[in-house]
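Novice: Below you'll find the structure I mean.
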Amino acid sequence: MGWAHTRTVGDDSRTIPQVLDQIADRFADHDALITEDRRLTFADLRAEVRDAAAAMIDLGINAGDRVAIWSPNTWHWVVACLATHCAGGVMVPLNTRYTASEASDILARTGAPLLIAAGEFLGADRTAELDRGALPDLRHIVRVPIDTDDGTWEEFVGRGRRQGTLDEVDGRSAAVKPDDVSDILFTSGTTGRSKGALCRHRQSLDAPAAWAACGQLTSADRYLCINPFFHNFGYKAGILACLQTGATLIPQLTFDPEKAMQAVQDHRITVLPGPPTIYQVLLDHPRRGDYDLTSLRFAVTGAATIPVVLIERMQSELDIDIVLTAYGLTEASGFGTMCRADDDAVTVATTCGRPIADFELRIDNPAEDGSGEVLLRGPNVMVGYLDDPEATAAAIDSDGWLHTGDIGRVDAAGNLTITDRLKDMYISGGFNVYPAEVEQVIARLDGVAESAVIGVPDERLGEVGKAFVVVRPGASLDEDTVIAYTREHLAKFKTPQSVEFLDVLPRNPGGKVVKPQLRERI
C-alpha cells in the first residue's frame, strides 16, 4: 500500500518548501526522481534543492525575485524549480519551443535576474541567441548540460556548497507564506500576446492535490511525465502532485513512443497522463505487443475532442483501470473540473467531469440548449495577470468569477462539457456552429486519427466549415467520404464544405490545436 496526501478543505497553511521538507522526512529513502543519468531519493532531492537555493542566494537572488527556467524535462528542472521556491523566489517557466525573441520578451517583462537554461539541445542553442543587451535585469545564465558537456550547472551548485549559505536557505524557506506568489505561468498565446498568470503557493499545492486525489495517486505510483514541465500539466499535475503524494517521477525529455513503452516496462509505470494523441500513437504502434504495459493503472487526458472509442481502447487494450478527462486553464492554477474513477467511458469521453479543488462552476447566459460561457470561482483562481490590471479585470469580474472564454454546458449530474472556445465559434447562414461538435462526429468515422474544424469565408453563407483531418496509419479516406459521413449525423449548416488532410495538427505544448495556424492556410 502507498501513502497518499490528504488535506482538509480550506487548509491554506502550506507552502512548497514545507511540503518538500515533509515528504523528505517521511520518505527519505524512497525514489523521488529517476532519469537516464540520475536517481534521487526524496532526501537526495532536498539536499540538491538546498544546494541550488544556496547558490541562488549567493548570486544575489532576493525573496520575490523571478527565476526563469528554459529547459526540457530534466532532473535539473525539478531541482531549479524547488530551489527557487526555497530561496523565496518566483518561478517563471519558459516554453522550450520559444524562439529567442519570445523568451526575451518574457524575461524582460518579468525582470528575471537568473535564467536556468538548456545548453545545446536537438541541434539548437537558443540561449546563445539572446540579446543580453536588451535584458539589463538578466545578470546570470546557468546552462544545463543535455546533448553536450557545455553546462555550468555543477559550477553553479558548487557555489551553494562552498559559501555556507544553507542556514539562509532555511530562513528563506521558513519565511515563505501560503499567499506569496509561487510562479508566473504564461498563457499559450494562441489568440494573442501571452499573459502571465500569477499563482500563490497554496494554490499551486491545493489544486494538484485535488487532481491527485481523483486519480488515487499514492507513494506506490510511478509516474511517467511526458507533459512538459513548463506547462501546468507537467509542473503542477506532475512535479507538485508527486511531491505531495510521494509518487516517483520519471520524466522524458521528449515524447518517443518506443522509449515511453520501454520506460513503462522497465520502471513498472503506473501513471501516464498526456494529450489524447499520445494514447492514440501507443495504441496504433506496430510494436506495442513487444512491451509489457500491464503496470499502467491511471491515465488522464484532455485539451482536445476525445472519441469514446479511444477511452474504451485505453481501458480494454492497455488495460488501464482509471481513465479520466479533465478541464483546466492557466488562470485557474491549471485545473477546474475532472471526471471521477467510477465514471463510465461515455461520461469520461464526452464530459470534463465535475468541479474539483473547491471550484464553483456556472454557465453564463445559457442559450436554449443550456450552453454558455464557462465561469469558475474559488480559492484557486489566479491572483491576476502580470502588470495587466485591465486584462485581469476583464477576466475576473467583481464577484470573483473567472470568465474562461470557453463555451460549455452542464448535465443533470453536474458534469461539464466544453463545446468550444468563444473565439472558435463561427456563424453559417445565421446559425452558430461549434467546431468541437463537428470534430466529435468526425472522430467516430473509421480511419480518422484526429481532426480540427474552422470557419472559412463564404460569399453566400458568411462562413462555412472546413475540416482538417489526420488519417490513422494504414487507413485511407477522401474528402467526399468525410463530408458524406458528417452529413449523415449533422444538420446541413454544420456539415463541413471542404476537407484538407494533414500529417499532424499544429498544437501548443498543452496539446490544444492552434487554430490560427490552420486559418493561415486558407
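Novice: Give 413, 367, 394 a once-over and let me know the one that is at pLDDT below 90, exposed (fewer than 14 other Cβ atoms within 10 Å of the Cβ), farther than 23 Å from residue 452 by Cα and more than 19 Å from the chain's Cα centre (by Cα). It would help to see each step written out before you state the result.
Specialist: On the way: 413 fails: at pLDDT below 90; 394 fails: at pLDDT below 90.
Result: 367 is the single residue among 413, 367, 394 that is at pLDDT below 90, exposed (fewer than 14 other Cβ atoms within 10 Å of the Cβ), farther than 23 Å from residue 452 by Cα and more than 19 Å from the chain's Cα centre (by Cα).
Novice: Name the single residue that is farthest from residue 372 (Cα to Cα) among those in region 403-423 being assigned to a strand (DSSP E or B) and acidic (Asp, Glu). Can you show your working first?
Specialist: Taking region 403-423 first, the residues assigned to a strand (DSSP E or B) are 403-410, 416-421.
Right, trim to acidic (Asp, Glu) and you get 406, 420.
Values: 406: 8, 420: 10 Å.
Per the criteria, the residue is 420.
Novice: Can I ask one more? Would you check which residues across region 401-429 are over 19 Å from residue 195 (Cβ atoms) and of a type in the set (Gly, Ala, Ser) and list them?
Specialist: The answer is 408, 412, 413, 414, 428, 429.
Novice: Being in contact with a Lys or Arg (Cβ under 6 Å, 6 or more places away or on another chain) and either small (Gly, Ala, Ser) or part of a loop (DSSP other than H, G, I, E, B) (or both): is that true of residue 400 here? Walk me through it before giving the result.
Specialist: On the way: in contact with a Lys or Arg (Cβ under 6 Å, 6 or more places away or on another chain): yes; either small (Gly, Ala, Ser) or part of a loop (DSSP other than H, G, I, E, B) (or both): yes.
Yes; evaluated as a whole, the condition is true for this residue.
Novice: Kindly check whether there is at least one residue in region 72-83 that is in contact (Cβ under 8 Å) with a residue 40 or more places away in the chain, of a type in the set (Phe, Trp, Tyr), buried (at least 18 other Cβ atoms within 10 Å of the Cβ) and more than 15 Å from residue 246 (Cβ to Cβ).
Specialist: Within region 72-83, one or more residues are in contact (Cβ under 8 Å) with a residue 40 or more places away in the chain, of a type in the set (Phe, Trp, Tyr), buried (at least 18 other Cβ atoms within 10 Å of the Cβ) and more than 15 Å from residue 246 (Cβ to Cβ).
Novice: Going by the conditions given, is residue 212 more than 22 Å from residue 508 (Cα to Cα) and either more than 15 Å from the chain's Cα centre (by Cα) or hydrophobic (A, V, I, L, M, F, W, C) (or both)?
Specialist: Taking the combined requirement at face value, the residue satisfies it.
Novice: Please go through (1) more than 24 Å from the chain's Cα centre (by Cα); (2) under 16 Å from residue 230 (Cα atoms) for residue 116 and return the number of the only condition it doesn't satisfy.
Specialist: It fails just one condition, (1).
Novice: Any residue in region 467-475 that is aromatic (Phe, Trp, Tyr), closer than 29 Å to residue 96 by Cβ and buried (at least 17 other Cβ atoms within 10 Å of the Cβ)?
Specialist: Initially, region 467-475 is screened for residues aromatic (Phe, Trp, Tyr), giving 468.
Then keep just the ones that are closer than 29 Å to residue 96 by Cβ; that gives 468.
Add one more test, that the residue is buried (at least 17 other Cβ atoms within 10 Å of the Cβ), and what stays is 468.
The answer is yes, given that some residue of region 467-475 is aromatic (Phe, Trp, Tyr), closer than 29 Å to residue 96 by Cβ and buried (at least 17 other Cβ atoms within 10 Å of the Cβ).
Novice: Identify the single condition in (1) buried (at least 24 other Cβ atoms within 10 Å of the Cβ); (2) at pLDDT below 95; (3) in contact with a helix residue (DSSP H, G or I) (Cβ under 6 Å, 6 or more places away or on another chain); (4) at negative phi that residue 357 does not satisfy, given that it satisfies every other one.
Specialist: Only one criterion in (1) buried (at least 24 other Cβ atoms within 10 Å of the Cβ); (2) at pLDDT below 95; (3) in contact with a helix residue (DSSP H, G or I) (Cβ under 6 Å, 6 or more places away or on another chain); (4) at negative phi is unmet by residue 357, namely (4).
Novice: Another question, if that's okay. Report yes if residue 80 is more than 20 Å from residue 208 (Cβ to Cβ) and within 19 Å of the chain's Cα centre (by Cα), otherwise no.
Specialist: On the way: more than 20 Å from residue 208 (Cβ to Cβ): no; within 19 Å of the chain's Cα centre (by Cα): yes.
When the stated conditions are applied, residue 80 does not pass them.
Novice: Right, next: Need pairs with beta-carbon distance below 7 Å; first residue of a type outside the set (Lys, Arg) and within region 164-179, second loosely packed, with under 13 Cβ neighbours inside 10 Å and at pLDDT 95 or above; sequence gap 6+ or separate chains.
Specialist: Pairs that qualify, where the first residue is of a type outside the set (Lys, Arg) and the partner is loosely packed, with under 13 Cβ neighbours inside 10 Å and at pLDDT 95 or above: there are none.
Novice: Give me a count of the residues in region 424-471 that are in a loop (DSSP other than H, G, I, E, B), among the small types (Gly, Ala, Ser) and farther than 30 Å from residue 281 by Cα.
Specialist: Residues in region 424-471 being in a loop (DSSP other than H, G, I, E, B), among the small types (Gly, Ala, Ser) and farther than 30 Å from residue 281 by Cα: 2 in total.
Novice: Then there is this: Can you list residue pairs whose Cβ atoms sit under 6 Å apart, with the first residue in region 391-419 being closer than 23 Å to residue 438 by Cα and among the basic types (Lys, Arg) and the second being part of a strand (DSSP E or B) and at pLDDT below 95? Count only pairs 6 or more apart in sequence or on different chains.
Specialist: From region 391-419, the pairs are 409/417.
Novice: Mind listing whichever residues of region 476-522 are over 30 Å from residue 99 (Cα atoms), part of a loop (DSSP other than H, G, I, E, B), in contact with a strand residue (DSSP E or B) (Cβ under 7 Å, 6 or more places away or on another chain) and of a type in the set (A, V, I, L, M, F, W, C)?
Specialist: Residue satisfying the conditions is 477 alone.
Novice: Output the number of the condition that residue 387 fails; it satisfies all remaining conditions of (1) out of contact with any Leu (no Cβ under 9 Å at 6 or more places or on another chain); (2) of a type outside the set (S, T, N, Q); (3) at pLDDT 95 or above; (4) more than 29 Å from residue 179 (Cα to Cα).
Specialist: The failed condition is (4).
Novice: What is the one condition in (1) at pLDDT 95 or above; (2) more than 23 Å from the chain's Cα centre (by Cα); (3) not β-branched (Val, Ile, Thr) that residue 73 does not satisfy?
Specialist: Here residue 73 clears every test but (2).
Novice: Does any residue of region 206-227 turn out to be at pLDDT below 95, in contact with a Pro (Cβ under 7 Å, 6 or more places away or on another chain), buried (at least 24 other Cβ atoms within 10 Å of the Cβ) and at negative phi?
Specialist: yes
Novice: Which of the residues that make up region 397-407 are crowded, with 20+ Cβ neighbours inside 10 Å and touching a helix residue (DSSP H, G or I) at 6+ places or on another chain (Cβ under 7 Å)?
Specialist: Selection gives 402 alone.
Novice: While we're here: Applying the selection to region 340-388, what residues are small (Gly, Ala, Ser), in a loop (DSSP other than H, G, I, E, B) and within 30 Å of residue 106 (Cα to Cα)? Give the derivation first.
Specialist: Here is the first cut: in region 340-388, the ones small (Gly, Ala, Ser) are 341, 345, 349, 353, 357, 367, 370-372, 378, 384.
From what is left, the residues that are in a loop (DSSP other than H, G, I, E, B) are 341, 353, 357, 367, 370-371, 378.
Result: 357, 378.
Novice: Also, quick follow-up: Are there strands (runs of 3 or more DSSP E) fully within region 167-238 with at least 1 residues that are farther than 23 Å from residue 96 by Cβ, of a type in the set (A, V, I, L, M, F, W, C) and touching a helix residue (DSSP H, G or I) at 6+ places or on another chain (Cβ under 7 Å)? List them. Even if it seems obvious, please write down each step before you answer.
Specialist: Values: elements: 181-186, 196-200, 222-225.
Strands (runs of 3 or more DSSP E) meeting the threshold: none at all.
Novice: Can you tell me which residue in region 1-60 is modelled with the highest pLDDT, limited to those that are in contact with a helix residue (DSSP H, G or I) (Cβ under 8 Å, 6 or more places away or on another chain), among the aliphatic types (A, V, I, L, M) and more than 23 Å from residue 87 (Cβ to Cβ)?
Specialist: 34
Novice: Same structure again: Output the residues belonging to region 140-151 that are over 28 Å from the mean Cα position of the chain (by Cα) and either surrounded by 15 or more Cβ atoms within 10 Å (Cβ to Cβ) or in contact (Cβ under 8 Å) with a residue 12 or more places away in the chain (or both).
Specialist: Applying the first criterion (over 28 Å from the mean Cα position of the chain (by Cα)) to region 140-151 yields 149-150.
Answer for region 140-151, where residues must be over 28 Å from the mean Cα position of the chain (by Cα) and either surrounded by 15 or more Cβ atoms within 10 Å (Cβ to Cβ) or in contact (Cβ under 8 Å) with a residue 12 or more places away in the chain (or both): just 150.
Novice: Considering only region 176-197, state which residues are acidic (Asp, Glu) and at pLDDT below 95. Don't jump to the end; show me each part of the working.
Specialist: Going through region 176-197, the residues acidic (Asp, Glu) turn out to be 179-180, 183.
Of everything in region 176-197, nothing turns out to be acidic (Asp, Glu) and at pLDDT below 95.
The values are calculated or read from the model by the stated rules, or taken from the named source; none is laboratory data. All of these numbers come straight from a predicted model, not from anything done at the bench. Neighbour counts are summed over all protein chains in view; Cβ atoms, including those assigned to glycine, are modelled from backbone coordinates with ideal geometry.
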